[in-house]
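Worksheet: one structure, shown below.
The values are calculated or read from the model by the stated rules, or taken from the named source; none is laboratory data. If you're wondering where the values come from, they're calculated on a predicted model, not measured in any experiment. A quick note on method: Cβ atoms are made from the backbone with ideal geometry, for glycine too, and the neighbour counts reach across all protein chains shown. Ligands, DNA and RNA are stripped out before the accessible areas are found, and what is left, the full protein with its side chains, is counted by its heavy atoms. Shrake-Rupley method; radii C 1.70, N 1.55, O 1.52, S 1.80 Å.
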Amino acid sequence: MQPYPESVPLPSADKRWKLVEATMRRHGYKASALIEVLHTVQESFGYLDDTSLRFVASSLRIPISKVFGVATYYHFFSMKPPGEHTCVVCLGTGCYVKGSGELMKMIEREAHICAGETTPDGKLSLVAARCIGSCSLAPAVVIDGEVIPRAQANAVQEQLRRWIGHDSR
Amino acid sequence: MTLDELQEIAESEREAQKKITHRINVSVAAGCLSLHSDVVFNILHEEVKKRGMEESCKVKAVGCMGLCAAGPLVRSEPQHTYYRGLPPDSPEVLSAIVDSINGRPVPEFALSPEIPFFAAQKRIVLENCGEIDPERIEDYIGVGGYQSLLTCIAKRSREDVVQEIIKSGLRGRGGGGYPTGLKWSMVAKAAGEQKYVICNADEGDPGAFMDRSVLESDPHRVLEGMAIAAYAVAATKGYIYCRAEYPLAVKRLKVAIRQAEKLGLLGKRIGESDFSFEVEVRIGAGAFVCGEETALIASVEGERGVPRPRPPFPAYSGLNHCPTLLNNVETFANIVPIVRNGAEWFASIGTDKSKGTKVFALVGDVVNTGLIEVPMGMKLRDLVYSLGGGIPDNKKFKAVQTGGPSGGCIPEQFLDMGVDYESLMSAGSIMGSGGMIVMDETACMVDVAKFFMDFTRDESCGKCIPCRVGTTQLHGMLERISEGKGRMEDLDTLERLGNMVKRTALCGLGQTAPNPVSSTVRYFRDEYVQHITNKTCAQGKCPCSKAPSTAAGK
Ligand SMILES: Cc1cc2nc3c(=O)[nH]c(=O)nc-3n(C[C@H](O)[C@H](O)[C@H](O)COP(=O)(O)O)c2cc1C
Ligand code: FES
């Protein structure tokens, strides 16, 4: 049994740290729980930052270098705060043959950002996915967690324009 | 819970269901949900309530029925009719469906179960999908669920169970096609106090969603298969490694585990025996290579998911250096029917070397996109034209891509080939996990090859040089060809470099990454030559054809 590391105080009074702590406790503060814990951090805070990585590292007694290595290895973890809205475009094979590549280019032009970026005003994050399992309803786009099956360029465009003040440049 | 007690629950569940004379099953798997089948469900439920028919007519939330193209899908029994494309915003239509349950189905939306898409399938893995409520364990027990597990524990020796799987001829459905029984016997014989069972639900191949549908529609089936495996190899702890992109599958798995533990069908002292098996879900974090078994194990350990050389194989040294049995979702989903019906029954289905059925995800340029399960050996032509309903808009078939980024593109001349592990291999592709992406004449094969090399280049973990550098170089060459800057020598270089990467890469990712390139160079050489000599892409997909035309348009 690993000793309960009481020495690591929560980084702040923010209640979300309790959730992170609960996940660590459930896994007995084992180092193997690292990815599970990072999932909880990202779910609670939206992304991983220095403070959270350091907190997790010292709580699980893992070198910070390793925590950083794991966090940056996996695509799913983000080290930047997400925008207010998120638009995920699937670029998996099923969607690609149904034109999701063009759809992505259209959105990139519309929002003046590339996949993986967030607009400067923090309104929209654009994300490329590798198949979300909705291939039979391709092309698939996920807007704020809701899957849009057989996404049409103009419908997506309309939605985005509502968010990103079209001629802001 | 003992076997007798389980049978009592099953019996009372069946009695309860007998009282229901009419059933309206609504698919609430991810595909139909994204078309708002939850709204359809609620309205149908209200309509039944309004008529005071709740006693005799049940509106039931069920898993995937397969024909995603026509969602939201509903099936009405005993009318024996599917309803397709039901409008969630039209209570009138839904009300008419409830009104007609004793008469003629509403014709505008009715779909006969006799169409080839349904009739030509043989559902073993998917037998409960679209039939039972995935979030009710009683439903699963009612169709005989967990009886195979408790029977094995109570009446069969571990060796006997392993022998049954060996005799069945079942091969791994995760891509490699390794004989499942052999793997089980290796783990069973491996020395070690602690052993693990891991279910690979990473399903990384883009264009494939078989595992997703099984997990969302019938999670207990996978859990029972894992528990039988654990009993057979004497493991006490299990993990399901599920990708983060499948939140609904994760949720239903967690619900299912909790339910099974509560009834003593998982966890400590299963069936009041000495056998214990605890299962946990681990969520992936979006790295394709984590589908590879050694990388997956590293990821479960909380490490970067990087593969390591084998041997030692996970069967001898896997999770925490303990003997570990790792199988795919569909492989585990095949276990219960084999145990229940016997190895001979299973071995009588399929072809000489590929037994049983295979679930395929039919996607791309095909009318009936969705999920199908057919006996091994069915002709590609039947899959695409009969079940799949052919190519939309009267376009011509060009190729079908199988095996994801590790597979290849199969051209028209192979349409009459029966699909199994060996035949796909001989056609320059692989079975892979079961994604089948149909492409019509508008697809450009250079573009497709480039697409896959972009994928593997991006997903290469970087540990070994052949894969890290090789995929980048192959991609660069394809990019040049697509820009009209290729040279004829490039075709040989692609081939030579591809072979080198195949021979020298550390793990399956690199060893198979050149396949999409070599198969397209082999079957669609003309297209490459056209890009190189004419500097155009006949399909208008590549930059070489686009630059002038868009410039002219503006
Ligand atoms: C790059 C790569 C990705 C893989 N992805 C998956 C996957 O997503 N799902 C899967 O079941 N097997 C995948 N595999 C195969 C696994 O390594 C392993 O062979 C398989 O899960 C074993 O289960 P089976 O014998 O039941 O097929 C992948 C292999 C490689 C090399
Ligand atoms: S390829 Fe886009 S959802 Fe599968």
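Per residue of B:27-36, how many C-beta atoms from partner chains lie within 10 Å of its own C-beta, taken as a mean?
Numbers: counts 0, 0, 1, 7, 8, 2, 3, 10, 4, 1.
Counting Cβ atoms of other protein chains within 10 Å of each residue's Cβ and averaging gives 4.
Charges were assigned to the Cβ only: +1 to each Lys and Arg, -1 to each Asp and Glu. The resulting dipole of region A:85-164 about its Cα centre is roughly 180 debye. For residue B:328, the amide hydrogen comes within under 5 Å of the amide hydrogens of B:173, B:174, B:200, counting only partners 5 or more places away or on other chains and with H modelled in the peptide plane. Taking a ≥ b ≥ c as the square roots of the eigenvalues of the alpha carbon gyration tensor, region A:85-164 is prolate, as a/c is not under 1.5 and a/b beats b/c. For peptide A:93-105, the mean count of partner chain Cβ atoms within 10 Å of a residue's Cβ comes to 5. Beta-bridge orientation, chain B: approximately 50 percent antiparallel, per DSSP, counting only bridges with both partners inside.
State the antiparallel share, in %, of DSSP beta bridges confined to chain A, rounding to the nearest 5. Among the beta bridges of chain A, antiparallel pairing accounts for roughly 55 percent.
Report the full-extension gain for the segment residue B:104 to residue B:2: residue separation times 0.36 nm, less the Cα-Cα distance, to one decimal in nm. Walk me through the numbers on the way to the answer.
Details: separation 102, 0.36 × 102 = 36.72 nm, distance 4.52 nm.
Length gained, residue B:104 through residue B:2: 32.2 nm.
Normalised by 2.2 N^0.38 Å, where N is the number of residues, the C-alpha radius of gyration of region B:345-468 stands at 1.11.
Please give me the summed charge of the neighbours of residue B:422: other residues whose Cβ is under 14 Å from its Cβ, Lys and Arg +1, Asp and Glu -1. Could the numbers behind the result be given before it?
On the way: positive: B:171, B:353, B:355, B:358; negative: B:352, B:420.
My count for the surroundings of residue B:422 gives +2.
A Förster radius of 22 Å combined with the Cβ-Cβ distance from residue B:394 to residue B:115 puts the calculated FRET efficiency at roughly 0.65. Across region B:116-129, coupling constants 3J(HN,Hα) worked out from phi with the 6.51/-1.76/1.60 Karplus curve, θ = phi - 60°, read x, 3, 8, 5, 8, 7, 10, 9, 10, 4, 9, 4, 8, 6 Hz, and Gly and Pro carry x.
Per residue of peptide A:122-134, the mean number of Cβ atoms on other chains within 10 Å of the residue Cβ is 5.
For region B:445-553, what mean projected area does the convex hull of the alpha carbons give, in nm²? Before the final figure, lay out each step's value.
Details: hull surface 25.7 nm².
Its average projected convex-hull area is 6.4 nm².
Each residue of region B:263-271 is assigned a 3J(HN,Hα), and the resulting list reads 8, x, 9, 9, x, 7, 6, 5, x Hz, derived from the Karplus form 6.51 cos²θ - 1.76 cosθ + 1.60 (θ = phi - 60°), x at Gly and Pro.
Angle of helix A:50-60 to the longest C-alpha principal axis of chain A, folded into 0 to 90 degrees and rounded to 10: 40°. Region B:254-340 gives an Rg/Rh value of 1.02, both radii derived from C-alpha positions and Rh following Kirkwood.
Association of chains A and B removes close to 3400 square angstrom of accessible area from solvent, both sides included, for a probe radius of 1.4 Å. Amide H to amide H distances under 5 Å link residue B:280 with B:238, B:239, B:240, where only residues 5 or more positions off or on other chains count and H is placed in the peptide plane.
Under 5 Å between amide hydrogens, built in the peptide plane, is the criterion, and for residue B:131 it picks out B:63 among residues at least 5 positions away or on other chains. Protection proxy ranking for B:518-525, B:461-468, using the average of other Cβ atoms within 10 Å per residue and placing the highest first: B:518-525, B:461-468.
Between residue B:18 and residue B:269, the modelled labels are 3.4 nm apart [label points 7 Å from Cα along Cα→Cβ].
Of the trypsin sites (Lys or Arg not before Pro) found in region B:321-375, the ones in coil according to DSSP and having at most 16 other Cβ atoms within 10 Å of their Cβ are B:353.
Surface composition of the protein assembly as shown: carbon and sulfur make up 52 percent of the accessible area, probe 1.4 Å. When DSSP beta bridges are restricted to pairs lying wholly in region B:145-347, around 10% turn out antiparallel. A 1.4 Å probe run over region B:38-90, with the rest of the protein chains in place, finds 40 Å² accessible per residue.
Interface burial in region A:49-74, defined as at least 40 Å² less accessible area with all protein chains than with the chain alone at a 1.4 Å probe, covers A:66, A:73, A:74. Highest mean packing comes first when the peptides B:129-137, B:90-98 are listed by Cβ atoms within 10 Å, giving B:129-137, B:90-98. Per-residue Karplus couplings for region A:65-81, computed as 6.51 cos²θ - 1.76 cosθ + 1.60 with θ equal to phi - 60°, are listed in order as 4, 6, 4, 5, x, 5, 4, 8, 6, 8, 4, 5, 7, 10, 9, 10, x Hz, Gly and Pro entered as x.
Of B:475, B:80, B:321, A:85, the residue with the largest accessible area leads and the full order is B:321, B:80, A:85, B:475 (1.4 Å probe).
Please give the helix A:100-111 orientation as an angle from the longest Cα principal axis of chain A, in degrees from 0 to 90, rounded to the nearest 10. With rounding to tens, the tilt is 80 degrees.
Taking every Cα-Cα distance in the protein assembly as shown and sorting them into 10 Å bins from zero, the calculated P(r) comes out as 3, 14, 24, 27, 21, 10, 2, 0 percent.
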